[in-house]
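Report on the structure given below.
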Amino acid sequence: MTARLLAGPDLAAGAESLPGHRARLGDLPGRAEREHLIPTLLAAGLLGRGGAGFPVGRKWESVAGRSRGDAVVLANGAEGEPLSHKDRVLMATRPHLVLDGLELAAEAVGARRAVLYVGSEHTQARAALERALGEREADRARALPRVPIAIVTPPVSYVAGEESAAVHFVNAGDPRPTTVPPRPFEKGVGGKPTLVQNVESLAHAALIARYGDAWYREVGRATTPGTALATVSGGQRPGVLEIDLGTTIGELAQWAGVQATVGSPVLLGGYFGGLVAGADAWGMPLDPAVLRAQRSAFGAGIVAFMGDDACGVTTIARIMDYMAGSSAAQCGPCVFGLRAIADAAARVATGQARQDDLARLRGWSGSIAGRGACRMPDGATGLLASSIRVYEADWVAHQHHRRCIARGASAGAPA
Amino acid sequence: MSSRIALDSGLRLEVDRIACDGYGACAELLPEGIDLDEWGYPIIAPGNVPLALVDMARRAVDACPVLALRLVKSPAPAPTAPPPPAPVLASRPDRTEGTPPWPPRPASAKAKRGPEPGRRR
């Protein structure tokens, strides 16, 4: 395991100060070198860490190409995904790395202002960033040109971190996705080309600016270079850690103190992700390219071990209820489809399945995807479909025999 | 095997999912390419609108009371590699898995579509 973003003082010590940050990592390179930052990011092969995994350099290029010196950079630290904690940990402990990345991005794309978009529940992260902004305000040794940075805190919401929703909230106080195009890089905050970039991606960019693309590529064990933050749950030591990309899920299980046997399923990518059967998962490298080829996803680095005694049906029914409740309630297929899925899944989980509930769940998992303004219906139905594949025997037992295999009892019987 | 040699218009239908209220007028006018789900919201057949149906597709677009349906130019087909995805978190696939492609138009295709009318609210 290589510590890059999380190198330095113990995370429990809280936010690293500006003098500490500078002493440890050194100054940013001079202006002439910074002019090559976008090609350097492209050469590094850095992929976005908000979930979609889009190449960071390409994103910066597309905004830089549209900017007339009036672009906006929005650092996305909304982190509304319940299973993810890595962004708040990063912001709360290494705020200057995020701010270096934000200022570098602003310079590289030609931005006039920047926004730190921080989920309102992430109070430590916000406090750390505010303090860090104060330190930088008073800093006389700064290398980068100043750009006004505003902290904006969206309400607690799953969809508020979706990039069109982030732009919508900054513009109009409404944290719901909008119809795209136009996409934020074309017309975003204040109608200007806007770079929406996850805070971890920005922090990586701040290190690549210092040490170069060859350095970035030194680490990485499969096809995608570099390190990534991961949020691990379900073991004895849940939490956030930095992994070399390509680390296998089995290795991660060891580090996280997972007691589950090789056979128990793993949820990758969180509520927008999918379940993988334990037998397939243990040897899988955590590598965006490899996982995509296997029709799974690294997403925002979430790895949740399900445990041997967990009832997959009940877990997914709860998540589906959460997703239905988290819909921005704008698009019909999402509003009605996710609610129908949540209700049917709850009936199956609690031993009250109607005759065709499981068949309807299978049908909806295909027919609702791709029919929202954002990817909410795709994310929820993808997870549902994967759970029916991985926990098929459990779903069938619940549906047809009203029996919970995991608990060895009637489905719906009190635990 | 049905013939798949229908001439391609280079146009495809797009729904503004936020604007769409499930009136269902589009599916009544263009049953070959638009189906309604059980809540009355449109499911668009993947791919481009066949040339023979472009006029009806335009009528469907005009009939939408909330202007949620659009007929747009399809991106040029890439001969080798697909075009790079737009840099977004929320790139939305326009094709819906499990939806049949545009069928060749049968002689009686103008007939009514399925039994239930579009949901209104």
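Considering only residues of segment A:307-333 that are within 19 Å of the chain's Cα centre (by Cα) and not β-branched (V, I, T), which is most open to solvent (accessible area, probe 1.4 Å)?
A:Y322
For a quick check of your reading: which strands (runs of 3 or more DSSP E) sit entirely within segment A:64-153 and have at least 2 residues that are over 30 Å from A:Y271 (Cβ atoms)?
A:111-118
If you scan segment A:1-46, which residues turn out to be touching a strand residue (DSSP E or B) at 6+ places or on another chain (Cβ under 9 Å) and open to solvent by 30 Å² or more (accessible area, probe 1.4 Å)? Steps first, please.
Initial filter on segment A:1-46 (touching a strand residue (DSSP E or B) at 6+ places or on another chain (Cβ under 9 Å)): A:1-7, A:11, A:41-42, A:45-46.
Once the filter is applied, which keeps residues that are touching a strand residue (DSSP E or B) at 6+ places or on another chain (Cβ under 9 Å) and open to solvent by 30 Å² or more (accessible area, probe 1.4 Å), segment A:1-46 yields A:M1, A:T2, A:A3, A:L11, A:L42.
Please identify the pairs in which a residue from segment A:328-354 that is closer than 18 Å to A:I388 by Cβ has its Cβ atom under 7 Å from the Cβ atom of a residue that is open to solvent by 50 Å² or more (accessible area, probe 1.4 Å) and of a type outside the set (D, E, K, R), counting only partners at least 6 apart or on another chain.
Filtered contacts from segment A:328-354: A:G351/A:S410.
Would you mind telling me which numbered condition in (1) part of a helix (DSSP H, G or I); (2) free of Cβ contacts under 8 Å to residues at least 40 places away in the same chain; (3) open to solvent by 10 Å² or more (accessible area, probe 1.4 Å) A:G283 fails?
(1)
Residues being assigned to a helix (DSSP H, G or I), touching a residue at least 40 places away in the same chain (Cβ under 8 Å) and more than 14 Å from every other protein chain (Cβ to nearest Cβ): count how many of those fall in segment A:184-199.
The initial filter retains those residues of segment A:184-199 that are assigned to a helix (DSSP H, G or I), namely A:189-191, A:199.
Filter again for touching a residue at least 40 places away in the same chain (Cβ under 8 Å), leaving A:189-190, A:199.
Next cut, more than 14 Å from every other protein chain (Cβ to nearest Cβ) only: A:189-190.
Counting residues in segment A:184-199 that are assigned to a helix (DSSP H, G or I), touching a residue at least 40 places away in the same chain (Cβ under 8 Å) and more than 14 Å from every other protein chain (Cβ to nearest Cβ) gives 2.
Scanning segment A:363-415 for residues that are of a type in the set (V, I, T) and within 14 Å of chain B (Cβ to nearest Cβ), which turns out nearest to the chain's Cα centre (by Cα)?
Taking segment A:363-415 first, the residues of a type in the set (V, I, T) are A:368, A:381, A:388, A:390, A:396, A:405.
Then drop every residue that is not within 14 Å of chain B (Cβ to nearest Cβ), which leaves A:368, A:381.
On the way: A:I368: 22, A:T381: 18 Å.
That would be A:T381.
Quick check: anything in segment A:57-65 among the polar types (S, T, N, Q), out of contact with any Leu (no Cβ under 8 Å at 6 or more places or on another chain), surrounded by fewer than 22 Cβ atoms within 10 Å (Cβ to Cβ) and under 18 Å from A:E16 (Cβ atoms)? Before you say what the answer is, go through the steps one by one.
Narrowing segment A:57-65 to residues among the polar types (S, T, N, Q): A:62.
Then drop every residue that is not out of contact with any Leu (no Cβ under 8 Å at 6 or more places or on another chain), which leaves A:62.
From the residues that got through so far, the ones that are surrounded by fewer than 22 Cβ atoms within 10 Å (Cβ to Cβ) too are A:62.
Narrowing further to those that are under 18 Å from A:E16 (Cβ atoms): none.
No: zero hits.
Go through the residues of segment A:334-351 one by one and say whether even a single one is within 22 Å of the chain's Cα centre (by Cα) and within 12 Å of chain B (Cβ to nearest Cβ).
The initial filter retains those residues of segment A:334-351 that are within 22 Å of the chain's Cα centre (by Cα), namely A:334, A:338.
The next check asks that each one be within 12 Å of chain B (Cβ to nearest Cβ); those that pass are A:334, A:338.
Taking every residue of segment A:334-351 in turn, at least one turns out to be within 22 Å of the chain's Cα centre (by Cα) and within 12 Å of chain B (Cβ to nearest Cβ).
If the requirement is being modelled with pLDDT under 95 and under 21 Å from A:G8 (Cβ atoms), which of these qualifies: A:W282, A:W255? Walk me through it before giving the result.
Numbers: A:W282 fails: under 21 Å from A:G8 (Cβ atoms).
The unique qualifying residue is A:W255.
Answer with yes or no whether B:A52 is open to solvent by less than 10 Å² (accessible area, probe 1.4 Å), farther than 20 Å from A:A373 by Cβ, in a helix (DSSP H, G or I) and small (G, A, S). So that I can check it myself, show each step before the final result.
Details: open to solvent by less than 10 Å² (accessible area, probe 1.4 Å): no; farther than 20 Å from A:A373 by Cβ: yes; in a helix (DSSP H, G or I): yes; small (G, A, S): yes.
No.
Hey, can you tell me all the residues within segment A:382-406 that are farther than 15 Å from A:Y271 by Cβ and among the hydrophobic types (A, V, I, L, M, F, W, C)?
Here is the first cut: in segment A:382-406, the residues farther than 15 Å from A:Y271 by Cβ are A:388-406.
A:I388, A:V390, A:A393, A:W395, A:V396, A:A397, A:C404, A:I405, A:A406, listed by residue number.
Considering segment A:262-280 alone, what residues qualify as being among the hydroxyl-bearing types (S, T, Y) and either touching a residue at least 60 places away in the same chain (Cβ under 8 Å) or open to solvent by 20 Å² or more (accessible area, probe 1.4 Å) (or both)?
Within segment A:262-280, just A:Y271 meets the criteria.
The values are calculated or read from the model by the stated rules, or taken from the named source; none is laboratory data. Note that the structure is predicted; figures quoted are calculated from it, not measured. Don't worry about glycine lacking a Cβ; one is built from the backbone with ideal geometry, like all the others, and counts go over all protein chains shown. Remember, those area values only see protein heavy atoms, side chains included, never the ligands or the DNA or RNA. Shrake-Rupley method; radii C 1.70, N 1.55, O 1.52, S 1.80 Å.
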